[in-house]
Structure formats: C-alpha cells, structure tokens
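The values are calculated or read from the model by the stated rules, or taken from the named source; none is laboratory data. Everything numeric in this text was worked out from a predicted model, so none of it was measured. Note: ideal-geometry Cβ built from the backbone for every residue, glycine included; neighbour counts use all protein chains shown.
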Amino acid sequence: MEKALLVTIRLDSEKGSWKIEDTALELEELAATCRVEVVDNVTCLRDRPTPNLFIGKGKAEEIALLCQELEIDTVIFSHDLSSVQQRNLEEVIGKKTVDRTQLILDIFAWHAKTPEGKTQVELAQLQYLMPRLIGKGLILSRTGGGIGTSGPGEQRLEVDRRRIREKIDRLKDDLKHLALHRQTLRKKRKEGLIPGVALVGYTNAGKSTLLNALTDAGQTVADSLFTTLDPLSKNLQLPGGENVILSDTVGFLNNLPHHLIEAFKATLEEVIQADLLIHVLDASSALLEKNNRAVFSVLKELGAEKKLMITALNKIDLLEDRSWLQQLKGDFVNPVEISAKTKENLPALLEKIQDNFAERMVKAEIMVKHARMGLIDLFYRQGKVEHIEYLQKGIKLKVSLPRVLYQKLLHNKEIKEIN
C-alpha cells in the first residue's frame, strides 16, 4: 500500500471557516478513501501562499527530511497547487506530490461505474490537467518533425494541449447527449405527473442508505467518502398514494472545486430539476453546522438553495444523548430526526414528504365504466385506491389521485363523480 504524508495548510484568509484540525481530519478521510496508508499529518499556518512552493522553503525541506525518515511515497496537500508549485515541491521534497483536487478525482475515478459517470470523471481530469501541462518536464516540450511538417514541427507540449482540447470538446458533446436523454426521461415523468425528490447532502451523510431504506434500491453503501458518484432514481409511493421519483446524488464537500461542480452538472441536474430536496445531515457529526453550510454553498452555486426542502437529521442511532435534538431541530429547515440504517422514524419522514405534495392530491368517490377498467391500474400506480366495488352499472371507487390527473379524467368524461 502506498505510504502518504499529509500536509494540511491554513491560510489567514481562511480564518473563521474550518479549524485546521477539522480540515486535517477530512484530508485523512479522503486519503483513506483513496486506499493509501496515512503515516503522518503535518500542519502548516501561513498568511498567504508563496508563488513557487505554496509553503515556505524551510517547511518544504522539513517535509523532505520527514519523508526520508518515514519512507514516504507520496505527499498530499490540502490545497490545490499550480504546476510550478507542484514541480518545485517535488524537486525539494524528492517525492511525488498530490493536491486536493487530484485526490478527489482519484476517488471519483475509482467509484464511477456508468458511462456517464466515467465521462464526467475523464472530463474533470482533463480540465484539471490542461493548465498544468506547462512545466511538467522535458518530455512534454520536445519538438517533433518528419514527413508532412514544415520546419521543426509543433512542440510536443502544443500537440498534447491540442489533443486534450479536442478530447474535452468530445466529452462535452457526449455529456450533452446524455443530458438530453436525462431531460427526455424527466419530461416523461413530468407528463406522467410524477414529481421528483432529490437526496442531497455532505458526502458520507447516509443518502444512499436512506434511498435503500425507502425504496430497496440496492445502492452501494460504505463508511467512506464519495461512495455514490453515479445518480440513481427509484419510484417511491407515499402514504397518501402518490408516486414520486427519489434520486440519489453525488455527495458535496467543503470548498468543492468549481470546475468539479461544472463537470458534474449533468449529474447535479437532478438537484436543479427536483420539486423537493431532502437534505441529509449526519446528526452525530461534530461538523454538523459546517457541513450544512458547505451543502448550501454548493446549492447556491447550482441556483437551488431556495427550493422546497426537508432536513433529515440522520444517524440518530449513533447518539448517546438525544435530549438536544429538539433544540437542534430549530436550526434547520423543516427538520425530522431519523436513522436510515435502523429505519427509525422513516414514517415521519414520509409524512413530511407527503405534506409537501398534499395540495397535488384530491380524494373523491367516482364511477368508472366497465369498458374503462384499464384506468384501475392507473389509479393504483398514480394514486391510492381506498375502496373498490364492482356494480352492474360500473366500478365504484374511493380514490386519492393527483389533482391534475383527476381533473383531466373528469374533463374527458373518463370518470364520473359521485355526489
């Protein structure tokens, strides 16, 4: 297993946000998810980054000595590095260096399973690599030549940059086609009067576990970051009979790089288009409030921060003292405490979801002609049949149906109200 030394940096401009200990802990979790052995975590306080090393020369030399002593393979930094900083650090330290975005991209690549997920990861990797080609070594700046070229030919670096630009354009086109396919599916759901509900939250908050608990989706779960990368949508019937589409989404992270959000816009479309968001928060986490702010920061960038929302305070099974939950609930939007793992209080969550769509449903007694018995199956799928009676003149039902569907059926004289 690759042995890694972590370097957690706190800049003066970051005061008032996360403590350096919290940032160090999250970096350790990211590294562990990336299947490396974390040997040590060095912290560093700076007023601002230096242009050539990000950290000071003395600190870089100290890290170099530590790497030799601990037989380190890779040094992982908590901040993004420029190509110049990364090259200079590797010269001083004598070891491979990895910054935070590279670490996240490696995790994404490991977890991407679907063609869409893999395409998004590859696009993000190339967009990360593009501005960092300069200074990556002599191999990238050798000149070419030969038949079909004039003069010495293009520099190898320019060839690489052109090929990457072409590949980025192709991947963006692929994602546009995939996005159109998703848009078509969402349009069909809208036409079928089925609202969408998206699970959002900090990575490892328990979104996939909740999806499985509510729908038996079989989504992969693990106690690690970014287990879910590819979105999954499943049908969920609410207590009142209405069907909704419940979608899992990629977990959010503190200071999630903007270009990663851009690369994963296709996946995050489920958040943008949803009628209701369920914000899953780990109630057992000491970083609960900070994780909440990080999620809203990403939602704001997506333009989805004002959507209807339920806050699911998850993992209450891990709490030794629950007495403070009532006070905690006052700090969040439309809260309900749950345990997705033990399924505790999930009926209360379903009721809250139902309350958000209550105005969409109508209860009625109706009569359906025998010739239109096919509608019965529609009622079971789109609503709730509370009572059914087969009479000589037709089929008498007590139903709860989406209001738009009910009015459409009345208008087309497919059903008849019983007063």
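Give me the residue from the range 303-338 that is surrounded by fewer than 16 Cβ atoms within 10 Å (Cβ to Cβ) and touching a residue at least 40 places away in the same chain (Cβ under 8 Å) and, out of that set, farthest from residue 210 (Cα to Cα).
331
If residue 386 satisfies all but one of (1) over 16 Å from residue 242 (Cα atoms); (2) in a strand (DSSP E or B); (3) among the acidic types (Asp, Glu), what's the number of the condition it fails?
(1)
So residue 174 fits all but one of (1) over 27 Å from residue 279 (Cβ atoms); (2) modelled with pLDDT of 70 or more; (3) in contact with a strand residue (DSSP E or B) (Cβ under 9 Å, 6 or more places away or on another chain); what number is the exception?
All conditions are met except number (3).
When only residues in the range 393-409 that are at pLDDT 90 or above and not charged (D, E, K, R) count, which is farthest from residue 240 (Cα to Cα)?
Out of the qualifying residues, it is 394.
Would a scan of the range 339-362 turn up a residue that is at pLDDT below 95, touching a Phe, Trp or Tyr at 6+ places or on another chain (Cβ under 9 Å), over 19 Å from residue 310 (Cβ atoms) and surrounded by 15 or more Cβ atoms within 10 Å (Cβ to Cβ)?
So far as the range 339-362 goes, yes, one or more of its residues are at pLDDT below 95, touching a Phe, Trp or Tyr at 6+ places or on another chain (Cβ under 9 Å), over 19 Å from residue 310 (Cβ atoms) and surrounded by 15 or more Cβ atoms within 10 Å (Cβ to Cβ).
Among the residues of the range 267-275, is any modelled with pLDDT of 90 or more, surrounded by fewer than 21 Cβ atoms within 10 Å (Cβ to Cβ), assigned to a helix (DSSP H, G or I) and among the aliphatic types (A, V, I, L, M)?
Checked the range 267-275: no residue is modelled with pLDDT of 90 or more, surrounded by fewer than 21 Cβ atoms within 10 Å (Cβ to Cβ), assigned to a helix (DSSP H, G or I) and among the aliphatic types (A, V, I, L, M).
Enumerate the pairs (first residue in the range 6-33 and in contact (Cβ under 8 Å) with a residue 24 or more places away in the chain and within 22 Å of residue 289 (Cβ to Cβ); second residue anywhere and among the aromatic types (Phe, Trp, Tyr) and not in a loop (DSSP other than H, G, I, E, B)) with beta-carbon separation below 9 Å, excluding pairs fewer than 6 apart on the same chain, so at least 6 apart or on different chains.
Every condition considered, the pairs that remain are 8/77; 27/77.
Search the range 47-63 for residues being in contact with a Leu (Cβ under 8 Å, 6 or more places away or on another chain) and exposed (fewer than 12 other Cβ atoms within 10 Å of the Cβ), and hand back the single one that is farthest from residue 77 (Cα to Cα).
47
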